[in-house]
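Have a look at the structure below before the remarks.
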Amino acid sequence: MSDINSFEGTGDAGFNDYFSLLKPRVMSLVVFTAMVGLLVAPVGVHPLVALASILFIALGGGASGALNMWWDADIDAVMKRTQSRPIPGGRIAPGEALGFGLALSGISVMMLGLAANWFSAAFLAFTIFFYVVIYSMWLKRTTPQNIVIGGAAGAFPPMIGWAVATGGVSVESVLMFALIFMWTPPHFWALALFMKSDYSAAKVPMLTVTHGRKSTRKHILVYTLLLAPVAIGAGFTSIGGPIYVAVAVVLNAMFIWGAWRIVRREEAEAEADGYKVEKKVFAFSLMYLFLHFGAFLAEAALKPWGLGGW
Amino acid sequence: MFREHELHKRRFGRNMGLGIVLAVFVALVFGLTVVKVTEIGEKDGFQGVTGTAVLPGEATR
């Protein structure tokens with residue numbers, strides 16, 4: 001954070017401003033993947049305990065979002081996409097966001113420990129630490145690989161959901177983690193390709209800024225190629241099944257095709273059509289993740305009727 | 001006549017939101033407590049007081 005005194009809150013923040021500090025869009029991904037991790041686990045959980053656990057995992061994710069916004073307020077003020085966030089917008093003071101984030105972190109970890117188990121609570125605490133300290137404070141401003149390693153923070157929620165049910169880690173939960181972990185770089189780099197000016201202005205070493213767009217396009221293809229075996233491989237474990245494998249094969253073929261189209265494009269061509277392909281691949285990548293986890297859920301939901309799984 | 005202060009008007013939404021969040025939190029903790037107590041009861045073969053199904057000396061009687 002460059003200058004903590006450059007942002008002063010007016011004290012007029014509404015409920016929505018505090019809610020937006022929790023990054024609700026990211027939170028929805030956390031809720032969905034954690035829920036799938038919990039529901040596909042082989043151990044049953046009481047519905048209220050499951051609901052409470054998902055809520056506390058989401059709250060922990062939101063808390064890390066608030067701490068990230070506190071730390072990155074100077075970057076947010078420069079980027080068009082984030083200029084109206086509560087801190088650069090002057091509606092919430094940085095210190096207030098820090099206190100809010102720390103308090104919610106403590107509440108979410110303690111409550112998850114009490115509601116589910118202390119292993120999942122420790123995992124949540126580690127995830128918050130990883131996102132705030134390892135990603136936001138350390139990697140984001142120092143390396144173009146920020147997205148790759150930092151993406152782990154967003155990949156932990158299904159493992160936490162699984163840990164809520166089982167109290168541990170297994171090959172299935174690691175594969176769900178690996179799926180999101182490998183998906184994050186091509187997803188964000190596709191976004192960075194049509195948001196370059198923003199990241200440059202904020203001096204964030206995105207791959208597009210440090211290595212150029214051609215190299216970023218190649219990186220997207222390499223990661224989608226590495227992602228495919230992970231995504232399809234997960235289908236041959238206890239959480240997969242024929243439906244999941246079919247969905248994964250189709251989606252990965254489409255993702256690789258999209259990445260291939262991105263690689264083949266020249267910058268002038270992309271600029272001329274307003275980054276049409278890049279935007280399309282970015283939108284598809286969201287659907288890609290949603291459908292993979294939806295397929296895991298479908299396999300688990302069909303099991304009682306003898307249809308899901310192998 | 002009583003006139004509502006402008007500050008109260010502005011903060012109404014925020015206070016109401018916080019009130020609802022706290023109410024939901026209390027309800028959730030109450031629900032969790034009921035579930036946990038019931039689960040402990042089921043595990044211990046609940047017979048009035050948890051963990052005292054058989055007191056020392058009573059088994060031989």
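The values are calculated or read from the model by the stated rules, or taken from the named source; none is laboratory data. Keep in mind the model is a prediction, meaning the values are calculated, not measured. Ideal geometry is used to build each Cβ from the backbone, glycine not excepted, and the neighbour counts take in all protein chains shown. For accessibility, only protein heavy atoms count, side chains too; no ligands or nucleic acids. Shrake-Rupley method; radii C 1.70, N 1.55, O 1.52, S 1.80 Å.
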Revision key, fill the gap. With the charge dipole of region A:13-168 built from beta-carbon charges (+1 for Lys and Arg, -1 for Asp and Glu) about the Cα centre, the Cα from A:A125, A:P88, A:Y18 projecting farthest to the positive end belongs to A:P88
Point to revise | Amide N of region A:145-163 lying under 15 Å from the label point, which is placed 7 angstrom from the Cα of A:V43 along Cα→Cβ | key: A:159-163
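With +1 on each Lys and Arg Cβ and -1 on each Asp and Glu Cβ, and nothing else charged, work out how big the dipole of the protein assembly as shown is about its Cα centre, in Debye to the nearest 20. Could you put the intermediate results ahead of the total?
Working: 29 positive and 23 negative charges, 152 e Å.
Computed about the Cα centre, the dipole is about 720 debye.
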Review point. Chain pair B, A: how much accessible area is buried, both chains summed, with a 1.4 Å probe, in Å² to 100?
Key: 1200
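For chain A, what are the DSSP H helices with axial Cα length of 15 Å or more and mean Kyte-Doolittle hydropathy of at least -0.5?
Span-like helices, by this rule, are A:24-39, A:47-71, A:94-115, A:118-129, A:171-193, A:212-233, A:242-264, A:276-302.
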Check your understanding: Once both labels are modelled 7 Å past Cα along the beta-carbon direction, what's the A:K214-A:T143 spacing in nm?
Key -> 2.6
Practice item. Please go through the residue pairs A:K203/A:K280; A:K140/A:K280; A:K23/B:K9; A:K23/A:K140 and name each one whose alpha carbons sit more than 21 Å apart in this structure. Key: A:K203/A:K280; A:K140/A:K280; A:K23/B:K9
Exercise for review: Pull out the extension gain between A:W260 and A:S28, defined as 0.36 nm times the separation in residues minus the alpha carbon to alpha carbon distance; nm, one decimal.
Suggested key: 80.6 nm
Review point. Taking amide H positions as placed 1.01 Å from N in the peptide plane, with prolines and chain starts having none, which residues 5 or more places from A:R91, or on another chain, fall under 5 Å of its amide H?
Key: A:T10
Check your understanding: GNM, chain A, Cα, under 10 Å: largest mean-square fluctuation among A:I243, A:I160, A:I128?
Key -> A:I243
Check your understanding: Say R0 is 41 Å: what FRET efficiency, to the nearest 0.05, do B:F12 and A:K303 get from their beta-carbon distance?
Key -> 0.25
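What FRET efficiency, computed as 1/(1 + (r/R0)^6) with R0 = 41 Å and r the Cβ-Cβ distance, is obtained for A:S200 and A:W118, rounded to the nearest 0.05? Intermediate values should be presented prior to the final figure.
Working: r = 44 Å, r/R0 = 1.07.
Here the calculated transfer efficiency is 0.40.
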Review point. Once the whole set of protein chains is in place, how much accessible area is left on A:F15, using a 1.4 Å probe, in Å² to the nearest 10?
Key: 70
Exercise for review: Only helical DSSP H runs with n ≥ 4 go in: add -39500 (n - 2.57) per run for the protein assembly as shown, normalise by residue count and round the 222 nm mean residue ellipticity to 500 deg cm²/dmol.
Suggested key: -23000 deg cm²/dmol
